[in-house]
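Notes to accompany the following structure.
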Amino acid sequence: MRMVFRWFGEGNDTVTLEQIKQIPGVEGIVWSLHDLAAGEEWPMDRIESLRDQAASAGLHIEVVESVNVHEDIKLGLPSREKYIANYIRTIEKLARVGVKVICYNFMPVFDWVRTDLFKQMDDGSTALFFENSKTTNIDPSELVREITHNSELSMPGWEPERLAHLTSLFDAYREVTTEDLWRNLGYFLDAIIPVAARNGIQMAIHPDDPPWPIFGLPRIITNQANLRRFLTLNDSPSNGITLCSGSLGANPDNDIISMVHEFADRIPFTHIRNVRVYDNGDFIETSHRTQDGTVDIAGIVQAYHENGYKGYCRPDHGRHIWGEQCRPGYGLYDRALGIMYLWGVWDAMENTRRREERKSV
Ligand code: DNO
């Protein structure tokens, strides 16, 4: 397991590369050019300067998260061709600086959704929270009004250029069924996966978060059966998954340990974090520790170990603790604690494995 840490870039992140370098076992950053709109081709000079900056802090840039997919690709519009061509050129450029994995998602309009970014927890920390009823009883036009006037409902991860066109996007998706979305995803994969394969890159789709249709928009990367279907859309080893335990774990029916066992060789990148899910469907992001949430994080790490996992791993959202001011979910402290928990479980498994090996010789 190769540990990496998400970094949003100079001036865009409260965490520094120097701090990241000091977290035990972290070898690289997970990065993107966040100011570029979805669909734009990434400029080579920007890519190279990011690589140089990371290298000077002793960190690699082998994992990109995300190269965002333009809505026209998800909608299957004729204009998708130009955006797919840009995507392909970006893959080729990223390969030239040594990128090995590109994480992306195929969620219509919105990326991850929470209703409160700083929900107060009993121990005095704050964390990302999802209140189910706030997203189920709202019609799209009311939502557009809410988002424009209520900063609480405007999430990080929602790309500004999409928010500006919310009404027309909702209209465009009205005719798009779940099967259309699958078809459009298949079309996209057929175009990009051969390019990724030729360039030594594994594409890794991120599950939908939360993993169910939201605001009347279809979502398909939501459970084990759909992940299986996704992998058969294109059988290449370059067509992979970013298995995110927190996203999938918001639905208690998802058995993530079973997914690790089934898909291990198609998971080039994993996000590991915990959530506590309540009976009414609300959920809060907790510390990474198994006992703090409803997802068995220790069991998931064990499952990776049992499969000899060699992919990249990052801790995911943390709580905001010790008074840290940071991007919601992306502070230094709780994510660094999360890493130490993941290493703790992993290293204990390693020790047992070595002891058993010694015994058998
Ligand atoms: C949330 C992230 C997601 C992820 C994208 C990948 O913190 O895991 O925003 O980066 O869905 O495209």
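Just a few scattered comments:
- All positions within region 323-340 that are open to solvent by 40 Å² or more (accessible area, probe 1.4 Å) and in contact with a Pro (Cβ under 8 Å, 6 or more places away or on another chain): ARG327, MET340
- Subset tally (residues that are in contact with a helix residue (DSSP H, G or I) (Cβ under 7 Å, 6 or more places away or on another chain), among the polar types (S, T, N, Q) and free of Cβ contacts under 8 Å to residues at least 40 places away in the same chain) for region 259-293: 2
- Where a residue in region 27-53 is touching a residue at least 60 places away in the same chain (Cβ under 8 Å) and within 13 Å of ASN86 (Cβ to Cβ) and its partner, wherever it lies, is β-branched (Val, Ile, Thr) and crowded, with 20+ Cβ neighbours inside 10 Å, with Cβ under 8 Å and at least six apart: ALA38/VAL69
- Some residue of region 65-80 being farther than 30 Å from GLU175 by Cα, within 16 Å of the ligand (Cβ to nearest atom), crowded, with 18+ Cβ neighbours inside 10 Å and touching a residue at least 24 places away in the same chain (Cβ under 8 Å): no
- Long-range neighbours under 9 Å by Cβ, at least six apart or interchain, first residue in contact (Cβ under 8 Å) with a residue 60 or more places away in the chain and of a type in the set (Val, Ile, Thr) within region 320-332, second open to solvent by 10 Å² or more (accessible area, probe 1.4 Å) and assigned to a loop (DSSP other than H, G, I, E, B): ILE321/ASP123; ILE321/GLY124; ILE321/SER287
- One residue alone among SER66, SER49, SER56 is out of contact with any helix residue (DSSP H, G or I) (no Cβ under 6 Å at 6 or more places or on another chain), within 16 Å of ALA37 (Cα to Cα) and of a type in the set (Gly, Ala, Ser), and that residue is SER66.
- Output for region 7-35, where each listed residue is of a type outside the set (Asp, Glu) and open to solvent by 30 Å² or more (accessible area, probe 1.4 Å): GLY11, ASN12, THR14, THR16, GLN19, LYS21, GLN22, PRO24, GLY25, HIS34
- When the residues of region 171-210 are filtered to those that are outside any helix (DSSP H, G or I) and open to solvent by less than 10 Å² (accessible area, probe 1.4 Å), the one that is farthest from the ligand (Cβ to nearest atom) is ILE201.
- Residues of region 211-240 that turn out to be part of a helix (DSSP H, G or I) and either under 15 Å from VAL260 (Cα atoms) or within 15 Å of the ligand (Cβ to nearest atom) (or both), as a count: 7
- Test: residue in region 261-270 that is within 15 Å of the ligand (Cβ to nearest atom) and of a type outside the set (Val, Ile, Thr): yes
- Residue among ASP116, ASP111 that alone is away from the ligand (no atom under 12 Å from the Cβ) and under 20 Å from the mean Cα position of the chain (by Cα): ASP116
The values are calculated or read from the model by the stated rules, or taken from the named source; none is laboratory data. The structure displayed is predicted, hence computed values, not measured ones. We place every Cβ from the backbone using ideal geometry, glycine too, and count neighbours over all the protein chains shown. Just so you know, the surface numbers come from the protein's heavy atoms only, side chains and all, with ligands and any DNA or RNA stripped out. Shrake-Rupley method; radii C 1.70, N 1.55, O 1.52, S 1.80 Å.
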